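Comments concern the structure below.
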Amino acid sequence: MPSWHDTVLSRPAAERPLRDVGASVDYSLINSPEQLGQALRMGSESAAGASVTPDSAIRVAAVYRCVDLRASALACLPVHVIGEGADGQVGRKVPGHPLSRLLGSRPNRRHTSYEFRRLLGAHVLLRGNGYALKVRSGRRILELLPLHPDRVRVEEMPDLSIRYHYTRKDGAVTIFDQSDIFHLRDLSTDGVVGHSKIALMREAVGVALQAERFGARMFRNGMGVGGALKHPGRLGDASYDRLRADMESRYAGADNAHRWMILEENMSIEKLGMTSEDMQFLDSRKFQRSEIAMFFGVPPHLIGDVEKTTSWGSGIEQQNLGFLQYTLGGDVQMWEQAIERDLVAEAEAPRIYVKLNVSGFLRAAAKDRAEYFSRALGAGGSPAWMTQNEVRALDDLPPVPGGDELPKPANTAQPAAPSPPEPPPEEGAATQ
């Protein structure tokens, strides 16, 4: 009995030339090994002379750290399916919904939710697109299988629909409709495929790769000399051998560090330091690290560049909040809206949505958030501008009865009750 892999991936491909949307190479014109080699090299070599591909770029420490940081941070976020609860109230978590298990715990038989989201996040950051095949039983999605972006080509049809051409490991091509694929896009200029950050930052990564190679060759072939002994004349062979043996035995090694040296025959010491070319080499590596962090929208201190911390705010906490707001905020929106488009059934769309909970990243600013919410609810005597349920919804908490009304300020003085009128004097009472 054939497995579902064979059943799903065995559809025949159309027998015609294919042009990849967003690529600069027309694959229908490749008719020789030389043309194939040129196509593979096209657009991958930087001006610095390094071949820059996602696989070579990930070996640069700054690139790896930026990709791992953003992909891992998003994969850590809890996934909540929000909709109508059993009590009929909207805005409640729906833990029994099929998407809760698919996205929150087990997207497929091979990956955990963290592994799956981290993998697709890395695909988006390195290659501009992340793809997953939807394996169904009827209308229900059973699994999401990641597809390597290098094996997927996207075709825009005359009716503006999209088809995905997936090349299997055996070379066969399978065509999927848009409804079969969960697709994440990075920044796009055609609305069909996302741009690869590595392609856009080819020159910065190319310089970083060449600098690493230069440094490796320098340490392998170069000489590290700490200083020199100068003699006014010329040492004989016996004196030279005796001096070298004496230097190695008395002053070499950590145990002999900072010992005083006794010189003879009018010898002097000349210390050799780092040259200006060496300093420029180190500065260029620091600059490339900062430039790569800029491309990925990551604060420099998160990749170990603590010299640039002042450019993002007044403190580390503010820099982290900026990273959450301006970088991870876009990643969260990309995932949430792609899930709503590709995974939420159209009939459920008005009542169900998926939210990635970012509250965990805001714990460092819990004091500021608590003060803001207190003010919003009317603390300190100011008029309230948020209800209790609106505040709870920001942390994905269910509404509470009576929480939809604006509260009264907590310390507003209540008007004093009017004193009762005094009774009229009785008749015949003596008056003074």
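The values are calculated or read from the model by the stated rules, or taken from the named source; none is laboratory data. What you see is a predicted model, and the numbers here were worked out from it, not measured in a lab. Here the Cβ positions follow ideal geometry from the backbone for every residue, glycine too, while neighbour counts run over all protein chains shown.
Computed quantities for the displayed model
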read-out: Count of the stretch 381-402 residues which are farther than 18 Å from GLY83 by Cα, surrounded by 13 or more Cβ atoms within 10 Å (Cβ to Cβ) and among the small types (Gly, Ala, Ser); value: 2
read-out: Inter-residue pairs, beta-carbon under 8 Å, first over 28 Å from ALA345 (Cα atoms) and in the stretch 179-206, second aromatic (Phe, Trp, Tyr) and in a helix (DSSP H, G or I), 6+ apart; value: LYS197/PHE295; LYS197/PHE296; LEU200/PHE295; MET201/PHE295; ALA204/PHE295
read-out: Residues of the stretch 140-197 classified as of a type in the set (Gly, Ala, Ser) and within 23 Å of the chain's Cα centre (by Cα), total; value: 4
read-out: Among the residues listed as GLU270, GLU348, GLU371, the single one being at pLDDT below 80 and not in a helix (DSSP H, G or I); value: GLU270
